[in-house]
Amino acid sequence: MSSSCTLGFRVKSGWAAAVLITNSPRAPTTVLDSRVIELADPDVADARQPYHAGFGTAQTDTTKVSRLVRGVERFASRSVADLLADYRKQHHVRNAGVVVSSLTDPASIANQHMRAHASEGRLFRTVLAAALEQCGVNVRVILEREVYELLGEALRRSPTEAKRQVAALGEGVGRWRAEQKVAAAAAWLIS
């Protein structure tokens, strides 16, 4: 088994960018893997947006929402367990950073459509964190707007320099978009 590694995720509606990095004090941080994992079954209609009835409208059928949410919980649990089983063939993974756009309580949002989005954000964040914890991984949730500032502090660099260093980690990785970069930043922050 190789050295200890840390996972970072950027949660989206129905999926997450996942980045695995090394965290050896004797070697520079390196990206070992970058991929997208599904948190909702792509073959189930409405699974990515269970709180939406259609474009711009909230779902009011609580039975349908409950069924979709249970399906998301099961699917995400299997998806994360499969990801960790794959990684753990060669790596020791104990910690994960989960980057989210907001921690706002959906009940505090008056607009039904925006509440539906917030509910989905909370759903996918919580199912990902729960699935990781079920697999023995410690989870830290980090707001996207704070990740580079926090990483900069940890590295004793400016947030801009931290962001530049994260961007450089992705050279030669393949898919290295904003989602992968903040996932890597979160992993590096908690490594």
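The values are calculated or read from the model by the stated rules, or taken from the named source; none is laboratory data. If you're wondering where the values come from, they're calculated on a predicted model, not measured in any experiment. Methodologically, a virtual Cβ is constructed for each residue, glycine included, from the backbone with ideal geometry; neighbour enumeration extends over all protein chains shown.
Some observations on this one:
- In the set R78, R74, R122, only one residue is under 30 Å from S3 (Cβ atoms) and either over 15 Å from the mean Cα position of the chain (by Cα) or free of Cβ contacts under 8 Å to residues at least 40 places away in the same chain (or both); that residue is R78.
- Residues (under 13 Å from A187 (Cα atoms) and either under 12 Å from the mean Cα position of the chain (by Cα) or without any contact (Cβ under 8 Å) to a residue 12 or more places away in the chain (or both)) located in region 128-142: V139, R140, V141, I142
- Residue in region 121-130 that is basic (K, R), assigned to a loop (DSSP other than H, G, I, E, B) and either in contact with a Ser or Thr (Cβ under 9 Å, 6 or more places away or on another chain) or under 22 Å from V147 (Cα atoms) (or both) present: no
- Scanning region 117-137 for residues that are out of contact with any Phe, Trp or Tyr (no Cβ under 7 Å at 6 or more places or on another chain), over 12 Å from N95 (Cα atoms) and of a type outside the set (S, T, N, Q) yields H117, A118, G121, R122, L123, F124, R125, V127, A130, A131.
- Taken together, the residues in region 131-178 that are part of a helix (DSSP H, G or I) and not hydrophobic (A, V, I, L, M, F, W, C) amount to 15.
- The set of residues in region 66-89 that are exposed (fewer than 13 other Cβ atoms within 10 Å of the Cβ) and assigned to a loop (DSSP other than H, G, I, E, B) contains only K89.
- Taking the criterion of being closer than 18 Å to I190 by Cα and of a type in the set (K, R), the residues of region 82-127 that qualify are R94, R125.
- Test: A118 is buried (at least 20 other Cβ atoms within 10 Å of the Cβ), at pLDDT below 95 and either of a type outside the set (V, I, T) or more than 26 Å from G54 (Cα to Cα) (or both): yes
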